[in-house]
Amino acid sequence: MFNTLFSKPVRPMPSVVEMDIQSLDMDKIPQHIAIIMDGNGRWAKAQGKVRTQGHKAGAETLKTIVKAADKLGIKAITAYAFSTENWKRPVTEVHFIMELLSRYLTSEIQEFRENNVQVRFMGSREGLPDIVSRKMDHAIKETENDTGIILNLAINYGGQAEILHAVRSIARQVADGTLNVEDIDASVFEDNLYSKGLPSPDLMIRTGGDLRVSNFLLWQIAYSEIWTTPVFWPDFTPAMLVEAIRVYQKRERRFGGLIQK
Ligand code: FPP
């Protein structure tokens, strides 16, 4: 069943040429955008398709959006591909997403290289199929010298699990005497998160209409602007990305302070 699903193209993808970048201030492009790609299952249902076809379509949308983001000068996209809670889904759906990831990491690697995309991951490797984990290592290695946009895929990721992971790692450093308790600050904490080396997202986009954070980047989104749309992820287009950025550029970011007028 999976092979038939994988072989059929789902639908034509919108082109990045559709973007109306005239409406944007190119000096205020967000550096890092986090995306909760929700609504794949509902998109599939609305089309009379099986849920997994929605994930396949969603993976194609991600490719289009990464290319569009790169053209806009965005430096990094962190996309929520599989959460620590997604293991609760039917085993066939979990299997499909893992298979999709595995295929994606093989089929797209050449295109990532050609487009200078650097691939990174965040999340726990525990419980992932070996083949997926190996392909993740391969994708990191193949693209580590790419200097274009960073595609950071959150796989087996949960914000609470990430914070616990950081706390354990810091506790170990204190226990073995390499870190003083007094020296633990935000920067030390961030160095122990999976997102080490990436700036916090300026903007978080959630598709699919729900108004939740869903355990995504709990530490990192402290001051991120949030933009949501009822549109299901497979229908998200470069033009909608531009709209999200246009709205973001109108927001006043105060980071808890006051704007001097
Ligand atoms: C949410 O839609 C989406 C996910 C749980 C998985 C996201 C996965 C992909 C976009 C495809 C895999 C990614 C790559 C990079 C190969 P949902 O199933 O929760 O949708 P629903 O809310 O309509 O049920």
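The values are calculated or read from the model by the stated rules, or taken from the named source; none is laboratory data. Computed from a prediction, not measured in an experiment: that's the story for all the values here. Cβ sites come from the backbone with ideal geometry, for glycine too, and all protein chains shown count toward neighbours. Ligands, DNA and RNA are stripped out before the accessible areas are found, and what is left, the full protein with its side chains, is counted by its heavy atoms. Shrake-Rupley method; radii C 1.70, N 1.55, O 1.52, S 1.80 Å.
Would you work out what percent of the accessible area of segment 70-159, with all protein chains in place, is carbon or sulfur (probe 1.4 Å)?
Numbers: 2030 of 4150 Å².
Accessible surface attributable to carbon and sulfur in segment 70-159 totals 49 percent.
Step through the table entries Lys49/Lys71; Lys63/Lys135; Lys56/Lys88, compare each Cα-Cα distance with 22 Å, and write down the pairs that go over it. Could you put the intermediate results ahead of the total?
Values: Lys49/Lys71 32 Å; Lys63/Lys135 18 Å; Lys56/Lys88 19 Å.
Violating the 22 Å limit, Cα to Cα: Lys49/Lys71.
Considering only protein heavy atoms, what is the solvent-accessible area of Asp185 at a probe of 1.4 Å, reported in Å² to the nearest 10?
Here the residue's solvent-accessible area equals roughly 80 Å².
In nm, to one decimal, how far is the Lys49 label point from the Asp130 one, both placed 7 Å along Cα→Cβ?
3.3 nm
Please list Leu203, Leu179, Leu218 from largest to smallest accessible area, probe radius 1.4 Å, with all protein chains kept in place.
Working: Leu203 0, Leu179 25, Leu218 70 Å².
So, going from the largest accessible area down, we get Leu218, Leu179, Leu203.
Under the rule that an exposed site lies in a DSSP loop and has at most 14 other Cβ atoms within 10 Å, name the longest stretch of the chain with no GluC sites (Glu not before Pro) of that kind, not counting the sites themselves.
Working: sites that count: Glu85, Glu126, Glu144, Glu252.
Answer - 145-251.
Can you compute the FRET efficiency between Ile140 and Leu258 using 1/(1 + (r/R0)^6), with r the Cβ-Cβ distance and R0 = 45 Å? Round to the nearest 0.05. The partial results should precede the final answer.
Values: r = 42 Å, r/R0 = 0.93.
After rounding, the FRET efficiency stands at 0.60.
Let me test this: with uniform point scatterers at the alpha carbons of segment 206-261, what is the Debye-based log₁₀ I(q)/I(0) at q = 0.15, 0.19, 0.25 1/Å?
-0.55, -0.82, -1.13
What is the dipole size for segment 115-261, taken about its Cα centre, with +1 at each Lys and Arg Cβ and -1 at each Asp and Glu Cβ, in debye to the nearest 20? It would help to have the intermediate numbers written out before the result.
On the way: 16 positive and 19 negative charges, 92 e Å.
The calculation lands at about 440 debye.
Ordered by packing density, taken as the mean number of other Cβ atoms within 10 Å over each peptide's residues, highest first, how do 131-138, 70-77 rank? Write out the running numbers ahead of the final one.
Working: 131-138: 16.1, 70-77: 19.0.
Per-residue mean Cβ counts within 10 Å order the peptides as 70-77, 131-138.
Please compute the length gained on full extension between Asp27 and Thr178, using 0.36 nm multiplied by the number of residues separating them and subtracting their Cα-Cα distance.
Working: separation 151, 0.36 × 151 = 54.36 nm, distance 4.15 nm.
The Asp27-Thr178 span can extend by a further 50.2 nm.
Between Met204 and residues 5 or more places away or on another chain, which pairs have amide H atoms under 5 Å apart, with H built 1.01 Å from N, and which residues are they?
Distant-sequence amide H within range of Met204: Ala34, Glu225, Ile226, Trp227.
Alpha carbon centre of segment 180-209 versus segment 95-109: separation in Å?
First find each Cα centre; the distance between them is then 27 Å.
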